[in-house]
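Participant: This structure is in structure tokens; I'll ask about it shortly.
Bear in mind these aren't lab numbers, they're just calculated from the coordinates by the rules spelled out. Not measured: the values here are computed from a predicted model. Note that we place each Cβ from the backbone using ideal geometry, even for glycine, and neighbour counts take in every protein chain shown.
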Amino acid sequence: MDTTKVATSNTTTAATTKKKNRVGAVAGWADDRLGLAALGKKQLRKVFPDHWSFMLGEIALWSFVVLLLTGVFLTLWFNPSMGEVAYDGSYDQLRGIEMSEAYASSLHISFDVRGGLLMRQMHHWAAMLFVASMMVHLLRVFFTGAFRKPRELNWVIGCLLLILGTLEGFTGYSLPDDLLSGTGVRAADGFIKASPVVGTYMSFLLFGGEFPGEAIIPRLFTVHVLLIPGLLLALIAAHMLLLVYHKHTQWPGPGRTEQNVVGYPMLPVYAAKAGGFFFIVFGITAMMGALLTINPVWKYGPYDPSKVTAGSQPDWYMGWPDGALRIMPGLESEIFGYTISWNVMLPILILPIVMFIILLLLPFLDAWITGDKRDHHLLERPRNAPTRTALMVALMTMYGLFWAAGGNDIIAITLHASINQITYFMRAAVIIGPIIAFFITRRWCISLQRKDNETVLHGYETGIIMRSPEGGYSEKHLPLPESKAYALTARDRDPVPNGLPSGGTDANGVPAPEGGRLAGLRHRLRTLYYADNAQKPTPEELAEGHHHAEHEHELQTGMDGHAADGHQFDGHHLVEDEHLRDPHH
Amino acid sequence: MSDHDKDEHGHELSNVPDEAVTDDLYPNPGLPEHHWRPTDVDPKAERRAERQVATLFLLSVVCTVLFVVSYFTFQVGDDWDTIGGFGASNLTLGLSLSGALLFIGIGIIQLARKLMADKEIVEYRHPSASSEADRAEALTALNTGIDESGIGRRPLVRNTMLGAVGLVGVTAIIPLWDLGPKPNQVGPGKKYDYPGAGIENTIWTAGMRVVRDVTGTPIRPADMEIGDLINGEPAGIFNGGPDGEPLEGVVLQINKSKGAVVVVRMEPDEIIPAEGRENWAVDGIICYSKICTHVGCPISLYERTTHHLLCPCHQSTFDLSDSARVVFGPAARALPQLPLGVDEEGYLIATAPFDEPVGPSYWERG
């Protein structure tokens, strides 16, 4: 390689320690005291692979930092007290009205502190971004199989971050004590009271007596600014440490294997890109805070337990349990003089916990069904795990339908439809929808697998129609470039489910090795898991495919180098001056 | 790969086919050749990129200055409608802050893309597990430690210690008991007593007037037309203090959250009276708790033709002509009804308090 042309900024020799420089002096001072050189020599040039989808988790990380920074600013003025005051700030419409100090200080931040409204809006937008990017990041990790061994524990930490982030959001938007947030707290009190046995006591303890009391805002404040952020910080640190320890996953491709990681070094490129991205996330949040109004608490007025606004809805990430609550039939039973509120307990207390446990267990369920105990560092395309992909799409569909049910009043108003019919429809849809989504996604993935195989075996479509001497028409296919063909086929063959369900015997009467009903279930699930998947071509199929292609190619010799050979599309030659037909004809 | 999992020449090693993947249809072509960028080979392009990056950083400086200027120029207040409805201060502070941050971010990323070395390098992975030798050694150490502690041989010590440590957590839980009064401590004649105290009680008493929620004025039956809905409150929240003063603070909020009612008037023959409630309405004026029996939202969306009352939170719908039974939605119980009468001065009063707890269900409700 001719490196003489390389610009002076890119040195070709390794840096040496011949000359002591200032960086070296500082590093030496620090190492004398902290002994960081051993760590630095390994980590400073640590490799991070590049792909746009690896950025989603970064959005979550950086929006959390934005939340910490803007949140500290807000605490300087926010007064988490339910003591009553008469508002006397700048906002004319509410002046003189009795309200809690929490609400009054929220108005003060919005109207009398320069940059206060900006920080409030940035804080709220960053919270939305935080939860949304965690969810999309979770989907990315699941769809690409990045949760597989050895990363299951990091999946668990990520799930905890998601649920804590959601709770953090709920406690946060309850703090201003406006009419909307107070309505949310009122509903939360109803949820707590629906807990069997301890519900009433929990409500009285949490609210310091009867709802609404004067304790809930200061208590939520402590949870919001100390308890949950502390847990989030600790878990984020653990999440990052495990990421560094495991090294990031990468997509298969030329030179990228299970044993290596290819990408840019932490210092300088990755640090610069990630650090720069922090400023971009921060800057975009600032722009949203400047241009997009969010949670205009002054429009709702102070909380009054006898008032409510139509279209009361929680922040979007709380929407799905709220939807479940809306479409739940009104069941309640009374046993031995005690009340069990199934209509509240099932959708809001049990369903989210069950869904969360399912989410936590997904990696272990996947590993149990597949029996796969190997380490995985290469990502899988979603299509190459059709059942897994379909499972998540089914869960997403269920989530989406519950979420839509949380806006059944808005849908009814927008579509001029009957809210009753929408609710009845949703009751069925949340069960049928995911099932349909599962099967469609699964077949879709398998079709895409077949399409990949087709391309590997017979090449890609050039868009050139050939006419044979007999007058038949066919589209010309050309083999994939080597690197692409390698990336497409760099995946495992699915194991052939062998063995027999428990209790079964093979043709020779030998009983299956594993026993127990569980093993039988596992066998059936594994069979279903891989059933119908398209496997990548065998070497024989590939050889035959190539042979076939060569044969075709022979028929088309004479075309090579001309516009009709199709090779202009893979850059083999240019055809600017050529014409398929004689232009003078 | 013990000693060279990380080395500067990794990119050369990567071209060695990987033995572990036996099922490859194609040989691993190895990393694609590195292409030099224009900024690597053309000093002019390099200089141009330098200028671009520096310009971006300077633009950030300009935005920071603008931020400081807008901070001192634009006042806040309730004239936040200025500049396209955004508020002058909010808009200028936000956009200049945004610019100051974005230009730094774009500048750094431009720097990384154009001017920093862009050669991908290769690092080898460690297995996440430790080596067998390390495992064995660690296990030995663990066993030695356990052995030397004698915990295994002394079950009495072990069990009492585990029990003590497990139990000591109680000291963190029990003090939470004082977070608030217990449900059975709140009520008339109990430790925590105030007007309307107790989860099963409200401030309503026999003879208490039903008043309008904002003004506190009493209601005459003649004030109401057929189809009207009045948001009512117990007169007690306006005069229920020990010396007849209005309730305030927590006690006011608690009583609003339990005492609020809706009063509606319909044709008397439209009312389907439940057994024992035949005389609970006055000339077609009927009164129910405003607090939803689902999770406690106040209800106020009334459809006068059908007499349906819809909760805006979760759309439970109650038929006010038929004892407010649930006709739709997730609520399980009818709204409690307040028996109405008229006092000597001709104002609407409650002839008795609610005969059941209002608001959301709870375990002990029965």
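Participant: Roughly how tilted is helix A:228-246, in degrees to the nearest 10 and between 0 and 90, from the longest Cα axis of chain A?
Facilitator: On a 0 to 90 degree scale, this one is about 20.
Participant: Still on this model: May I ask for the distance between the Cα centers of region B:243-312 and region A:409-426, given as a whole number of Å?
Facilitator: Computed from Cα coordinates, the inter-centre distance equals 26 Å.
Participant: Quick one: Karplus J couplings for region B:302-313, per residue in order, coefficients 6.51, -1.76, 1.60, θ = phi - 60°, nearest Hz, x for Gly and Pro?
Facilitator: Values per residue, Gly and Pro as x: 10, 10, 5, 6, 9, 6, 8, 10, 10, 7, x, 7 Hz.
Participant: Scan chain B and note any complete DSSP helix (H) whose C-alpha atoms cover at least 24 Å along its axis and whose Kyte-Doolittle average is 0.5 or more.
Facilitator: B:43-73, B:88-114
Participant: P(r) for region B:161-273: what percent of alpha-carbon pairs falls in each 10 Å bin, starting at zero?
Facilitator: Whole-percent P(r) values from 0 Å outward: 12, 31, 23, 15, 9, 6, 3, 1.
Participant: Relative to 2.2 N^0.38 Å, what does the C-alpha radius of gyration of chain B come to as a ratio? Two decimals please.
Facilitator: After normalising by residue count via 2.2 N^0.38 Å, the value is 1.82.
Participant: Now for a different question. For region B:209-362, what percent of Cα pairs sit more than 22 Å apart?
Facilitator: 36
Participant: For region B:114-224, what's the relative contact order in percent, using C-alpha pairs closer than 8 Å and at least 6 residues apart?
Facilitator: Across region B:114-224, relative contact order equals 8 percent.
Participant: Would you kindly calculate the translational diffusion coefficient of region A:283-323, applying Stokes-Einstein with the Kirkwood radius from alpha carbon pairs, for 20 °C and a viscosity of 1.002 mPa s, and quote it in µm² s⁻¹ without decimals?
Facilitator: Estimated via Stokes-Einstein, D reaches 167 µm²/s.
Participant: What are the radius of gyration and Dmax of the protein assembly as shown, computed over its Cα atoms and given in Å?
Facilitator: 35.0, 113
Participant: Still on this structure, please answer the following. If the elastic network links every pair of Cα atoms under 10 Å, which of B:ARG125, B:ARG153, B:ARG333 fluctuates the most in the Gaussian network model of chain B?
Facilitator: Of B:ARG125, B:ARG153, B:ARG333, the Gaussian network model singles out B:ARG125 as fluctuating most.
Participant: State the Cα centre-to-centre distance between region B:319-366 and region A:251-283 in whole Å.
Facilitator: Cα centres, region B:319-366 to region A:251-283: 64 Å.
Participant: If you average the sequence gap of Cα pairs under 8 Å that are 6 or more apart and divide by the length of chain B, what percent do you get for the contact order?
Facilitator: 11
Participant: Run through region B:251-314 and list the GluC sites (Glu not before Pro) located in a DSSP loop whose Cβ has at most 16 other Cβ atoms within 10 Å.
Facilitator: Within region B:251-314, the qualifying GluC sites (Glu not before Pro) (loop, at most 16 other Cβ atoms within 10 Å) are B:GLU275, B:GLU278.
Participant: Using a 10 Å cut-off on Cβ to Cβ distances, tally the other chain neighbours for every residue of A:109-118 and report the average as a whole number.
Facilitator: Shielding by partners across A:109-118 averages 6.
Participant: Something else: Against the longest principal axis of chain A, how steep is helix A:179-193, in degrees 0 to 90 to the nearest 10, with axes from Cα atoms?
Facilitator: 90
Participant: Just order A:379-385, A:220-226, A:526-532 by mean Cβ neighbour count inside 10 Å, highest at the front, would you?
Facilitator: Taking the mean over residues of other Cβ atoms within 10 Å, the ranking is A:379-385, A:220-226, A:526-532.
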